[in-house]
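Okay, so here's the structure we're looking at.
Read-outs: derived from the displayed coordinates by stated rules, not from any lab. Just so it is clear, the structure is predicted and the values come from calculations on it, not from any experiment. Counting neighbours? That spans all protein chains shown, and the Cβs are built from the backbone with ideal geometry, glycine included.
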Amino acid sequence: MNRIHFLLIVFSIFFINSCSNQEKEISTIKETRQDLEIATAYQEAYKALDDGDPYFAAKKFLEAELLFPQSEWASMSALMAAYSFYLQNFYSEALSNLERFLITYPKDKNLAYVHYLIAMCYYETIEDEKRDSAPLIKAKNKFIYIMENFPSTDFYIDAKFKIGLINDISASKEMYLGRHYIKKGKWVAAINRFKYVIEEYDQTVFIEEALHRLVEINYRIGLVEESEKFAGLLGYNYLSSEWYKKSYKVFNKNYGIKKIKKEKKGVIQKFKKLF
């Protein structure tokens, strides 16, 4: 009996080890097969993108993500799907996938690029000065976020450049509204718009015209001293400007532009002294 009992124990141990090894082999086979399947799906999507079919590529990338959500390929597939939507100008679809990405993969190594692509989706929908400002504001806020949170990436440089372009567009919107108020004879509203340009967008190309408009409006409504201040500021900083010449013509021939003592201070600091 003892011998039979011993053999049963040995057989049981052998059987358990055999089953365990089989399970490991099956698990390894499944993982290998899964990796091959998702790699194949990803490659098919990437080929479609490379062949110029971003719509089909986006569809296949999303399929790859859904089929294997636990795989390390899933986050990359989700990001590539959003990028594919972006390439075909489907910005709302790209944005929804990117926002979902931030929730699903909050610690992914490509977060800087995700935020950058979100910013670009908003940036691409910016229109002229007569249209909605919402995309412009959202794009600027996202680019600022990139500069503050990912300063050591390549996206920082482009974000800084894009903010400069956005500021030009924002300033152009303010100038458009200011000119509109001039036509309507709404002097205070126009003054506020042009002052906002010189306070917030003094690095844009519209600063010279904004100063001239303030010279022009203040002179027209009888605030000659205020008008002279802005004319002096325009002459001090942009003496060769065409807008300075126009401002000079606002006054009579006997008028002399007051000299301003030069100091090593930024233009914006001089502006603030006037308000």
Item to complete: Could you check the simple spin-label distance between D51 and E124, using points 7 Å along Cα→Cβ, in nm with one decimal?
Response: 2.2
Worksheet entry | Contour minus Cα-Cα distance for K107 and D154 (0.36 nm per residue) | 15.0 nm
Item to complete: Would you tally the net charge around A57, using a Cβ to Cβ cut-off of less than 11 Å, leaving A57 out, and scoring K and R as +1, D and E as -1?
Response: -2
Worksheet item: Structure shown: which of K138/K229; K162/K249; K184/K246 lie over 25 Å apart, alpha-carbon to alpha-carbon?
Response: K138/K229; K162/K249
Practice prompt. Quote to one decimal, in nm, the extra length available between E225 and K183 on full extension: 0.36 nm per residue of separation minus the C-alpha distance between them.
Written response: 12.8 nm
Discussion item. With just the Cα atoms defining each centre, how far is the range 179-241 from the range 76-141? Give it in Å.
Written reply: 37
Worksheet entry | For S170, S133, order by how many other beta-carbon atoms lie within 10 Å, fewest first | S133, S170
